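Here it is, the structure in full.
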Amino acid sequence: GAVVSQHPSWVICKSGTSVKIECRSLDFQATTMFWYRQFPKQSLMLMATSNEGSKATYEQGVEKDKFLINHASLTLSTLTVTSAHPEDSSFYICSARIPGLVPETQYFGPGTRLLVL
Amino acid sequence: AQSVTQLGSHVSVSEGALVLLRCNYSSSVPPYLFWYVQYPNQGLQLLLKYTSAATLVKGINGFEAEFKKSETSFHLTKPSAHMSDAAEYFCAVSKSSNTDKLIFGTGTRLQVFP
């Protein structure tokens, strides 16, 4: 069964509003969670890495004030897209690294499609 | 810097035919290489990974990949395609075996015709 879930699976919002996306590790404790975005016909691009209880580490070019990441517990990380604009429309994917789970890999959520009008 | 190139955004094969999905990488350090598969409405899941042990890596669902340093390639193959193999396949490279800092290719959509 699925190891990581995301909610919502898709969301449509108006320009200027904020959108929160949840990433949950089901039945396992995730020490590290990752957030990616994927544009059509392009590869997944890592946005940030977050460890439970500490600030997220953002990749170069990713605005930390635009994409707020909170990793408050070992099973939940949230990504908030603040003051969303049409160019933020994308597919957002989270993943989790779960110590002790075999195979040793990132476990990915099914993604959240965001459309900003 | 590391990068991955997947040749062919779409590949179509008949059921029972050989599947070959191409992946070439660029890396300034010995790479760790991965293939992930994504079925509709599901998250990416690991098919197989190369971590500097055997160059021929066997994965789930009958897939395998061969690491060829001289060709900087890590092509994914399966001798006989099944309808259930239809999905999106991603090749990825990393500097570490724990899959942190994965660099993904653009993906290849595999279609399997009866």
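Using DSSP to call loops (not H, G, I, E or B), can you name the trypsin sites (Lys or Arg not before Pro) in region A:5-76 whose Cβ has at most 16 other Cβ atoms within 10 angstrom?
A:LYS14, A:LYS41, A:LYS55, A:LYS64, A:LYS66
Figure the gain on full extension for B:LEU7 and B:SER28 (residue separation times 0.36 nm, minus the Cα-Cα span) and round it to one decimal in nm.
5.5 nm
Next up: Please identify which residues in region A:78-116 have an amide N closer than 17 Å to a label point set 7 Å out from the Cα of A:GLN29, following the Cα→Cβ vector.
The answer is A:96-102, whose backbone nitrogens lie closer than 17 Å to the label point.
Once amide H atoms are built 1.01 Å from N in the peptide plane, which residues 5 or more positions from A:ILE21, or in another chain, come under 5 Å H to H?
Residues meeting the amide H criterion: A:LEU79, A:THR80, A:VAL81.
Still on this structure, please answer the following. Summing +1 for each Lys or Arg and -1 for each Asp or Glu, what net charge is found among the other residues whose Cβ lies under 10 Å from the Cβ of B:VAL19?
Charge balance near B:VAL19 sits at 0.
No lab work stands behind these numbers, since they all come straight from the coordinates. This is a predicted model, so every value here is computed, not measured. Because the Cβ atoms are built from the backbone with ideal geometry, glycine has one as well, and the counts that use them run over all protein chains shown.
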